[in-house]
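Structure first, commentary second.
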Amino acid sequence: MIYTLEQINEILKGEIVGETSQSIKAPEQLERASTSEISFIGHKKYEKLWLTSKACAAVVNQDISIEPGENRAFIKVKNADIAMSQVLELFAPPKPLFAIDIHPSATVDSSVTIGSGTQIGAGSYIGPNVVLGENVTIYPNVTILDECTIGKNTVIWPGAVVRERCHLGTDCIIHPNATIGADGFGFRPCNERGLVKIPQIGNVIIGNWVEIGANTCVDRGKFSSTVLGDGCKIDNLVQIGHNSILGKFCVMAGNSGLAGSVTLGNGVIIGGSASIKDHTYIGDGAIVGAGSGVTGNIEAGKTMLGYPAVEARDALKQWAILKRLVRDSGK
């Protein structure tokens, strides 16, 4: 896959500044790029790296303040991050191929409904009364238990488990070893029996265009459903507790976690390693910073930091005061 700068710009529809005689063989980050590779500058603070980079071209924002230089070129676009995603798609190698649509070693119950174009890899198990939509891709060693539905164009990578009666929408991606529909963590003390397990009889409902990272767990509801709205993006190693409800286009970064019955509005962002207390409501567009601990409800649009989490401006003031106290105590 080798392209000219002009061929790449046909897709990006940006403005070419400068020129280069180099053919472009791959995308690469600025520090590692060779003279036959294209990179990108998504923020002004990275402009200084261009001077020492060997990249022959870069996708940049329209407000860039430097020139490309000799035999080098920029493609100016409105949003360099989004444009670079198009470049990555252009150079992306093909996904693993299936020699046949349904591998002989896959166990597929006779009651399963399989849409056209669907593929099932070696060692996978598809249980009774499962419905697979059109063009679903199930890689090797996936388990989908009884009465689940999987929407069209959804991709499930090796080792993932979708437990009974859970429902996934269209165009979802489930990464390796993610678990959808494990039991929620519910126990109650009992004098006679120690800790008594509370049955978890609900399920998980996942909307369309949802992506769930590797080794993430979405617990089934205790009574009804744990719900992830359309367009949610969940990172690796995330815990979503039973009966939690996520609105549309929420983002949860790695190692973050929701306890049971947490509700997120639309467009909520949860930073890495943040923890959210059970029965908490977080309003539309709110942001919880990395490592924060949320113990109460958050209004829409607020940004919260710290442990316990407070409004970002208050957290920054507290940290500044602590810093001065430490500095002054050493005098």
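The values are calculated or read from the model by the stated rules, or taken from the named source; none is laboratory data. None of these values were measured; they are calculated from a predicted model. Cβ: placed from backbone, ideal geometry, glycine included. Neighbour counts: every protein chain shown. The protein model used for the area step is the full one, side chains on, heavy atoms only, and it has no ligands, DNA or RNA in it. Shrake-Rupley method; radii C 1.70, N 1.55, O 1.52, S 1.80 Å.
Of all residues in region 286-306, those that are open to solvent by less than 60 Å² (accessible area, probe 1.4 Å), part of a loop (DSSP other than H, G, I, E, B), within 13 Å of Gly271 (Cβ to Cβ) and not hydroxyl-bearing (Ser, Thr, Tyr) total 4.
Taking the stated definitions as given, is Pro68 outside any helix (DSSP H, G or I) and surrounded by fewer than 13 Cβ atoms within 10 Å (Cβ to Cβ)? Here the answer is no, as Pro68 does not meet what is asked.
With respect to the conditions (1) in a loop (DSSP other than H, G, I, E, B); (2) touching an Asp or Glu at 6+ places or on another chain (Cβ under 7 Å); (3) in contact (Cβ under 8 Å) with a residue 40 or more places away in the chain, Pro128 falls short on a single one, namely (3). One residue stands out among those in region 172-195 that are in contact with a Cys (Cβ under 8 Å, 6 or more places away or on another chain) and in a strand (DSSP E or B): the one that is surrounded by the most Cβ atoms within 10 Å (Cβ to Cβ), which is Ile180.
Do we have Gly254 as in contact (Cβ under 8 Å) with a residue 12 or more places away in the chain, surrounded by fewer than 20 Cβ atoms within 10 Å (Cβ to Cβ) and closer than 24 Å to Thr295 by Cα here? For Gly254, the condition - in contact (Cβ under 8 Å) with a residue 12 or more places away in the chain, surrounded by fewer than 20 Cβ atoms within 10 Å (Cβ to Cβ) and closer than 24 Å to Thr295 by Cα - is met. Within region 1-29, the set of residues being in contact with a Ser or Thr (Cβ under 8 Å, 6 or more places away or on another chain) and either of a type in the set (A, V, I, L, M) or part of a helix (DSSP H, G or I) (or both) comprises Ile2, Leu5, Ile24, Ala26. When region 96-108 is filtered for residues that are surrounded by 10 or more Cβ atoms within 10 Å (Cβ to Cβ) and under 25 Å from the mean Cα position of the chain (by Cα), only Pro96 remains. Applying a threshold of 6 Å to beta carbon distances and a minimum spacing of six or more residues, or different chains, the list of pairs starting in region 202-214 at a residue that is within 8 Å of Leu228 (Cβ to Cβ) and ending at one that is acidic (Asp, Glu) reads Gly207/Asp230.
Of the listed requirements (1) under 24 Å from Gly231 (Cα atoms); (2) surrounded by fewer than 18 Cβ atoms within 10 Å (Cβ to Cβ); (3) out of contact with any Cys (no Cβ under 9 Å at 6 or more places or on another chain), Ile138 misses just one: (2).
All told, Lys152 meets the bar of being of a type in the set (Lys, Arg), open to solvent by 40 Å² or more (accessible area, probe 1.4 Å) and under 18 Å from Thr118 (Cα atoms). Just to be sure before I move on: is Ala83 under 16 Å from Ile8 (Cβ atoms), hydrophobic (A, V, I, L, M, F, W, C) and surrounded by fewer than 16 Cβ atoms within 10 Å (Cβ to Cβ) in the structure I sent? The answer is no for Ala83. All of (1) in contact with a Pro (Cβ under 6 Å, 6 or more places away or on another chain); (2) under 16 Å from Glu15 (Cα atoms) hold for Gln62 with one exception: (1).
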